[in-house]
Amino acid sequence: MVQVANSILIHDAGWIALCRGWPNSPLFGPVVARLPTLIDAQEPVTAWIFSTKADAQQMAKYLLHYPSKLKRDHFGRPREGFAAIATRLQSDELCRQATFDGLKALSDIDVLVGVARLLGPTMRHDSEFRKWVLGQLQEARSKTSLLAPLALDILTNEHKTVECCLLDTVLTR
C-alpha cells in the first residue's frame, strides 16, 4: 500500500485507500504536520485526508473553504470528496458545531449556501440550525428585486434561488 500511495500514476487512489482502510498508517505523519498548509491542495485527496486526520477546528476551516474550491474547479473533482465529508460530519459533533459557528459569520452567499447544504443532512433536526436557516430565508425573501438571488447548490452542482437552496437544506436528505 505504501508503494501505491507513493506511485505517481495512482497517487490519489493510494492516499484515499490509506484514509479509508489504514488511517493510522505512519505515512500520515508528515502529512498531518503540514495539514494547515494543505487546505488548497488537490481534491478529492484533501477531503479524505482532512476528514481522516484534521481536528474539529481544522476540519471546520476546511469545510468553510470547500465551496470556494468547488466554484474554481469546473471539472467536478472536489465533489468526489463528499463521501469523506459526510462521514466526518455524521460522526463528529464538535466539527459540526465549529462549522456551524463559522457559517454564521459568512457573507458570501455561495459559500454560505454551500456550507449550509453540507451541514443539512446532519443538522436538519437541530433547532438552532433550523432557526438560523429560517432567519436566512426571511432575509432572502425581504430583499426586493426583480430577480431572486441565485446561489450554487454544491450538492447538485446547479444554480438555484437562495430560498430554494435553504429550503432543500432543512427539508431533504
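The condition (being within 17 Å of the chain's Cα centre (by Cα), open to solvent by less than 10 Å² (accessible area, probe 1.4 Å), of a type outside the set (Ser, Thr, Tyr) and farther than 15 Å from GLY114 by Cβ) is satisfied by just one residue among LEU35, LEU18, LEU70, LEU63: LEU35.
Conditions (1) open to solvent by 70 Å² or more (accessible area, probe 1.4 Å); (2) more than 11 Å from THR169 (Cβ to Cβ), marked per residue:
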position	(1), (2)
ARG96	no, yes
THR99	no, yes
ALA105	yes, yes
LEU112	no, no
LEU119	no, no
PHE129	no, no
VAL133	no, no
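Per the conditions (1) assigned to a helix (DSSP H, G or I); (2) at pLDDT 85 or above, the sole criterion not satisfied by ASP40 is (1). Taken over segment 73-85, residues that are under 20 Å from ALA151 (Cβ atoms), at pLDDT 85 or above and open to solvent by 20 Å² or more (accessible area, probe 1.4 Å) amount to 1.
The values are calculated or read from the model by the stated rules, or taken from the named source; none is laboratory data. As the structure is a computational prediction, the values presented were derived from the model and not from experiment. Ideal geometry is used to build each Cβ from the backbone, glycine not excepted, and the neighbour counts take in all protein chains shown. Heads up: the accessible areas ignore ligands, DNA and RNA and are worked out on the full protein's heavy atoms, side chains in. Shrake-Rupley method; radii C 1.70, N 1.55, O 1.52, S 1.80 Å.
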